[in-house]
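Every read-out reported here was derived from the displayed coordinates using simple, explicitly stated rules and does not represent laboratory data. Remember, predicted model here, so these are calculated numbers, not experimental data. When we count neighbours, we look across all protein chains shown, and the Cβ atoms used for this are built from the backbone with ideal geometry, even at glycine.
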């Protein structure tokens with residue numbers, strides 16, 4: 001069992017480290033791996049300590065790359081949880097409106113002059129409210145169906161988009177550029193990667209022991225209840241965890257779409273549907289994808305930078321249409 005889990009996770013870990021190395025070395029000024037290693041040694045007092053290279057790597061690129069990794073992992077794990085809960089490969093925090101609800105909560109806190117934990121708490125409240133709204137509206141007499149849930153999520157997401165537009169129209173003109181860029185997904189000002197990284201690690205540590213129960217729940221709540229799984233508490237755990245992960249991602253980098261859709265689906269095609277493997281694999285693969293996407297976003301038209309949400313949308317929209325075509 002450990003060997004079966006260890007090999008793919010080891011490959012994904014190497015890919016994650018490689019993506020971080022690329023993010024540190026590529027940019028408006030190229031930094032070779034040997035110089036990055038020298039900067040790392042100077043951090044512990046053994047390197048030559050090039051001041052310019054130190055500033056670029058340790059103060060600019062490393063915090064941004066780690067933030068991108070954390071956000072990508074959070075969104076991918078949230079998407080995997082939603083897909084297990086709904087037994088629907090099209091489920092995703094962005095498509096189902098969770099990101100929109102979190103964005104509204106965060107924007108409301110910003111317009112109110114709040115900051116820090118207040119923004120995170122407002123984003124969490126918005127994501128949780130959006131979750132209950134979508135699930136409540138989509139739940140009919142026979143439970144959820146993929147088409148009903150998808151339609152409800154798309155409509156609610158469109159509604160949140162209208163509310164966001166109204167908030168932007170009523171916002172002071174000097175705040176609009178930053179708010180618009182943030183809504184498209186922006187990691188330019190991500191300088192504190194440790195809270196989302198710690199949340200990602202803690203979530204994986206908590207959820208991996210629940211992997212067997214999640215595997216059973218993926219077959220349906222009736223079968224899970226018949227096999228002794230406490231369905232309702234587990235569903236509540238997924239609700240809250242997905243909302244918290246989405247809120248942390250939105251607070252860090254704004255609204256970034258389709259990571260939670262693309263990564264879990266591709267990993268299930270490659271690795272199967274064992275949640276004990278899929279959840280940590282999503283954390284690594286989602287982080288790797290967003291680090292590479294952010295590196296591309298800041299180098300494609302350098303010195304200008306694109307919002308990273310543009311890159312993920314270019315990847316996610318064709319994938320979403322392909323999955324929708326397969327699910328006919």
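Among 174, 235, which comes first, then next, by fewest other beta-carbon atoms within 10 Å?
Placing the least packed residue first, the sequence is 174, 235.
Could you please rank 282, 204, placing first whichever residue has the fewest other Cβ atoms within 10 Å of its Cβ?
Exposure proxy ranking, most exposed first: 204, 282.
Over the chain, what is the relative contact order in whole percent, taking alpha-carbon pairs under 8 Å and six or more residues apart?
Result for the chain is 31 percent.
How would 325, 181 line up from fewest to most surrounding beta-carbon atoms within 10 angstrom?
Final ranking by Cβ density, sparse to dense: 325, 181.
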